[in-house]
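Structure record follows, encoded as structure tokens.
Every read-out reported here was derived from the displayed coordinates using simple, explicitly stated rules and does not represent laboratory data. Please read these numbers as outputs of a predicted model, since none were measured by experiment. Cβ: placed from backbone, ideal geometry, glycine included. Neighbour counts: every protein chain shown.
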Amino acid sequence: MSQTDVLAGLAEILEEVAGVDPTDVTPEKTFIDDLDVDSLSMVEVVVAAEEKFGVKIPDDDVKTLKTVGDAVSYIQKAGIAA
Amino acid sequence: MTRSPRRVVVTGLGATTPLGGDVASTWEGLLAGRSGVRTLTEDWIETVPVHIAAPLAAEPPLGRVEARKLDRTQQMALVAAREAWADAGSPEVDPLRLQACVGSGIGGVLTLLSQHDVLREQGSRKVTPHVVPMLMPNGPAATVGLAFGAKGGVRAPVSACASGTEAIALAYDLIKFGRADVIIAGGTEAAIHPLPIAGFAQMQALSRRNDDPTVASRPFDKGRDGFVLGEGAGILVLESEEHARARGARIYGYLAGAGISADAYHVAAPEPNGAGAARAVAEALETGELAPGDVAHVNAHATSTPVGDLAESKALYLALGSAAGEAAVTATKSMTGHLLGAAGAVEAVATVLAMQQCVVPATRNLDALDDEIELDVVRIDNRKISSGAALSNSFGFGGHDVCLAFTPA
């Protein structure tokens, strides 16, 4: 899946779960500080992303995903591995 | 901290009920004698023997993202608290002197049960990470405390159908003895679901008038056969008189006294002679420095159960003596149904307005007063009353008895 597709998919999830404006969802943004997604909502984002992209994101790895860009790369790699 | 007891005033009111989405529409509904009870159309309705309830008149007007992290009890409490806060003129208050006291009888039972379904059907990974803060009984108090930055304390009394009233009684003590200047206090409940309905039905506590919903809730009537389950929230902004006067707030009246007692008789049945409830009424008068003859109006707990209504009548006579027969009594549950932990908070709102406007909404569906009930229950037409103290009673499973005493400004 292309970077653009993953980014668009994440933007949809973030809007659904946390009301984030899709135009704010760019690779350099941090989930917690920039997009105001708290740790509980981040769990929802991860579960929705696993379903949408058909990947597994273990809890230990979630902690390493600080920015939207981190998540996009992770999902792309996990997608290839799957 | 102020050492001498201070007087407590009511400066803001908020509600969302089966009669309306705010205080004005609820009060208009009470004066018009409207019923909030209707036949349920949910797909599960045939699984339970009771098909009627009193749902909210208006869905909580919250944004989608805000709503999805909040149980319905929290949503309703937030809506009522926002109304009450605005009604109080959005008080400027030191956050350390602001508290929230919001009770619920059952807490986030809709979330608990729906997420249990998710767990069983879809597995633990699909359980929402918000489930614990949504189902915990202190959730609504926490939601309200967060919304208004109440850093002085957030409290959540749980005493079944007396919860909201006990939250107000607790707030009374906290302000009176100087532990807070402003408290957002009340109750909330959302339990229209087959499990609570089945449970209350098994206790023989619910009316079975499935074919005639609007006349099913009939407190004090000979033909009463149980309560009608309702949902909603009521919130009062309570304030020390000193704080309210200093900011020039509009004052509805005083919360002059509050009484809390317990039957220690049975976990669900009221003490038949009303002795426990009478102690709560007596304490409300005593703390408010009131005499029985000062009481012009009583908003009774009166849920429409055969034993409960009779015990309350006896309790009022025990506490007030012959003055019990002089007060204009009403049972607004005849219109709202029984909002469990929110009931007393919504009724406190109605009591304050009745006292302030000197008009008591008539009890509906009271065709023939029970021969054993000797109260002056207002029926058919609303009644003008002279200015005086007003009581609001709430009792709950567990033997909880709470009474609030309001006096005019």
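Could you check the simple spin-label distance between A:T26 and B:D94, using points 7 Å along Cα→Cβ, in nm with one decimal?
Simple spin-label model gives 4.5 nm for this pair.
Return the FRET efficiency for the residue pair B:E59, A:D36: r is the Cβ-Cβ distance, R0 is 25 Å, and the value is rounded to the nearest 0.05.
The value I calculate is 0.45.
³J(HN,Hα) across the stretch B:61-66 via Karplus (A = 6.51, B = -1.76, C = 1.60, θ = phi - 60°), whole Hz, x for Gly/Pro?
In residue order, the calculated couplings are x, 10, x, 4, 5, 5 Hz.
Positive end of the dipole of the protein assembly as shown, charges at C-beta (+1 Lys, Arg; -1 Asp, Glu), about the Cα centre: which of B:H116, B:V182, B:V48 has its Cα farthest in that direction?
B:V182
Say R0 is 25 Å: what FRET efficiency, to the nearest 0.05, do B:A409 and B:D371 get from their beta-carbon distance? Walk me through the numbers on the way to the answer.
Working: r = 39 Å, r/R0 = 1.56.
Efficiency, rounded to the nearest 0.05: 0.05.
Show the residues, 5+ positions off or on another chain, whose built amide H is closer than 5 Å to the amide H of B:L229.
B:A54, B:H338
Sort all Cα-Cα distances of the stretch A:1-48 into consecutive 10 angstrom bins from zero, then give the percent of pairs in each bin up to the one containing the longest distance.
Calculated over all Cα pairs of the stretch A:1-48, the distribution is 28, 61, 11 percent.
Return the distance in nm (one decimal) between the two label points of a simple spin-label model at B:H116 and A:D5, each offset 7 Å from Cα along Cα→Cβ.
Here the modelled spin labels are 4.2 nm apart.
Sum up the charges of everything whose Cβ sits under 10 Å from the Cβ of B:K176, counting Lys and Arg as +1 and Asp and Glu as -1, but leave B:K176 out.
Local net charge: +2.
Running a GNM on chain B with Cα contacts under 10 Å, which residue among B:A284, B:A24, B:A327 ends up with the highest mean-square fluctuation?
B:A24
From the helices alone, meaning DSSP H stretches of at least four residues, give me the mean residue ellipticity at 222 nm for the protein assembly as shown, per-run term -39500 (n - 2.57), in deg cm²/dmol to the nearest 500.
-11500 deg cm²/dmol, from helical runs alone.
Over the protein assembly as shown, what is the percentage of antiparallel beta bridges among all DSSP beta bridges, to the nearest 5?
65 percent
Which of the residue pairs A:K56/B:K126; A:K77/B:K126; B:K176/B:K333; B:K151/B:K176; A:K63/B:K126; B:K69/B:K126 have a Cα-Cα distance greater than 22 Å in the structure shown? Walk me through the numbers before you get to the answer.
On the way: A:K56/B:K126 14 Å; A:K77/B:K126 24 Å; B:K176/B:K333 30 Å; B:K151/B:K176 18 Å; A:K63/B:K126 19 Å; B:K69/B:K126 15 Å.
Among A:K56/B:K126; A:K77/B:K126; B:K176/B:K333; B:K151/B:K176; A:K63/B:K126; B:K69/B:K126, the Cα-Cα distance tops 22 Å for A:K77/B:K126; B:K176/B:K333.
Order these peptides, A:24-37, B:236-249, B:43-56, by their mean beta-carbon neighbour count within 10 angstrom, highest first.
B:236-249, B:43-56, A:24-37
Name the residues whose placed amide hydrogens come within less than 5 Å of the amide hydrogen of B:A256, ignoring near sequence neighbours (fewer than 5 apart) on the same chain.
Residues meeting the amide H criterion: B:A405, B:F406, B:T407.
Would you mind telling me which residue in B:G14, B:G178, B:G63 has the biggest mean-square fluctuation in a Gaussian network model of chain B, where springs connect alpha carbons within a distance under 10 angstrom?
Highest fluctuation among the options: B:G63.
So for B:T407, B:T11, B:T214, B:T16, fewest C-beta neighbours within 10 Å to most, what's the order?
B:T214, B:T407, B:T11, B:T16
Taking the Cα centre as origin and putting +1 on Lys and Arg beta-carbons and -1 on Asp and Glu beta-carbons, what dipole magnitude results for the protein assembly as shown, to the nearest 20 debye?
Using only the charged Cβ atoms, the result is roughly 640 debye.
Fewest to most neighbouring Cβ within 10 Å: what's the order for A:K63, B:K314, B:K151?
Going from sparsest to densest Cβ surroundings: A:K63, B:K151, B:K314.
I want the antiparallel fraction of DSSP beta bridges within chain B, as a percent rounded to 5.
Around 65 percent antiparallel, to the nearest 5.
Using +1 on the beta carbon of Lys and Arg, -1 on that of Asp and Glu, and nothing else charged, what's the dipole of the stretch B:31-158 about the Cα centre, debye to 20?
Here the stretch B:31-158 has a charge dipole of around 280 debye.
Please order B:S4, B:S261 by the number of other Cβ within 10 Å, starting at the fewest. Provide the component values of the computation, followed by the final result.
On the way: B:S4 7, B:S261 21.
Arranged by neighbour count, lowest to highest, B:S4, B:S261 become B:S4, B:S261.
Which order do peptides B:299-310, B:105-116 fall in by mean Cβ count within 10 Å, highest first?
Details: B:299-310: 24.3, B:105-116: 20.8.
The most tightly packed comes first, giving B:299-310, B:105-116.
Would you work out the charge dipole size for the stretch B:260-408 about its Cα centre, treating the Cβ of every Lys and Arg as +1 and the Cβ of every Asp and Glu as -1, and quote it to the nearest 20 debye? Write down the numbers at each step before the final one.
Numbers: 7 positive and 18 negative charges, 89 e Å.
Charge dipole of the stretch B:260-408: 420 debye, to the nearest 20.
Highest mean first, what order results for B:94-101, B:373-380 on Cβ atoms within 10 Å? Please report the intermediate quantities before stating the final value.
On the way: B:94-101: 21.0, B:373-380: 18.9.
Highest to lowest by the protection proxy: B:94-101, B:373-380.
Find out how many positive minus negative residues lie around A:I57, taking Lys and Arg as positive, Asp and Glu as negative, among other residues whose Cβ is under 13 Å from that of A:I57.
So the surrounding residues net to -2.
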